[in-house]
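The values are calculated or read from the model by the stated rules, or taken from the named source; none is laboratory data. Values in this document were obtained by computation on a predicted structure and should not be read as measured data. Cβ atoms come from the backbone with ideal geometry, glycine included; neighbour counts cover every protein chain shown. Ligands, DNA and RNA are stripped out before the accessible areas are found, and what is left, the full protein with its side chains, is counted by its heavy atoms. Shrake-Rupley method; radii C 1.70, N 1.55, O 1.52, S 1.80 Å.
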Amino acid sequence: MNLFTLAITGSGGAGAISSGEMLLQAAAKRGYYGILKKTFSPQIRGGESAAIIRFGHGPVENFDGVIDALVALDWNNFSLFSDEVPVTDATLVIQDANAGTPPAELAGRDDIVTLDATSTAGTAEPNWANMVFLGLITNAMGCPVTLLTDAVEARLSHHGESLYQAALQAAIAGFD
């Protein structure tokens, strides 16, 4: 991987930003360089949010405006990101099975990959789609599972044992 740009989008509270932060942490421990851009509306919950992460083997100085992969936790308000998350025919688009209908700018694409994060998470609460995708991406980057579990622990272990365990279970399911 020379440089790779990933966007994770979803409604506020869906976990796009926290997933981006944990992914950047795991990637850094794997030896990658990276930068993270956070975009969200002023609403406390329910507004749009996006984490745009650019990785590389050497220092990463900027975003080049190309999105190599997009993870859509949901499609609510995705169109508001059209300037910051330019999706091209070359962009790998992965969506949650419960993401809703892709926006008009993606109409007609038959190459959108759909993952049922709720089923993948197993008995973890269904609102952990972001953690399933975090596990999937961490594995795809060649990170060992320990980097994933370390990132989840650092971010969520102080929120209580049951919440932490559910998030960890979903992340590992995505990794597997």
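Glu21 meets the conditions (1) acidic (Asp, Glu); (2) surrounded by fewer than 21 Cβ atoms within 10 Å (Cβ to Cβ); (3) under 26 Å from Asp110 (Cα atoms) in every case but one. The failed one is (3). Here Ser41 meets the list (1) touching a Ser or Thr at 6+ places or on another chain (Cβ under 9 Å); (2) closer than 22 Å to Ala90 by Cα almost entirely, failing just condition (2).
Listed by first and then second residue, the pairs linking a residue in the range 154-166 that is touching a residue at least 60 places away in the same chain (Cβ under 8 Å) to a residue that is surrounded by 13 or more Cβ atoms within 10 Å (Cβ to Cβ) and acidic (Asp, Glu), with Cβ atoms under 9 Å apart and 6 or more places separating them unless they lie on different chains, are Arg155/Glu21.
Matching residues to (1) touching a Lys or Arg at 6+ places or on another chain (Cβ under 7 Å); (2) at pLDDT 95 or above; (3) open to solvent by 30 Å² or more (accessible area, probe 1.4 Å); (4) part of a loop (DSSP other than H, G, I, E, B):
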position: Asp89; (1), (2), (3), (4): no, no, yes, yes
position: Asn98; (1), (2), (3), (4): no, no, yes, yes
position: Arg109; (1), (2), (3), (4): no, no, yes, yes
position: Thr118; (1), (2), (3), (4): no, no, yes, no
position: Thr123; (1), (2), (3), (4): no, no, yes, yes
position: Asn130; (1), (2), (3), (4): no, no, no, no
position: Cys143; (1), (2), (3), (4): yes, no, no, yes
position: Ala154; (1), (2), (3), (4): no, no, yes, no
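Please indicate, with yes or no, whether at least one residue in the range 69-76 is free of Cβ contacts under 8 Å to residues at least 12 places away in the same chain and either open to solvent by 30 Å² or more (accessible area, probe 1.4 Å) or within 12 Å of the chain's Cα centre (by Cα) (or both). No, the range 69-76 contains no residue that is free of Cβ contacts under 8 Å to residues at least 12 places away in the same chain and either open to solvent by 30 Å² or more (accessible area, probe 1.4 Å) or within 12 Å of the chain's Cα centre (by Cα) (or both).
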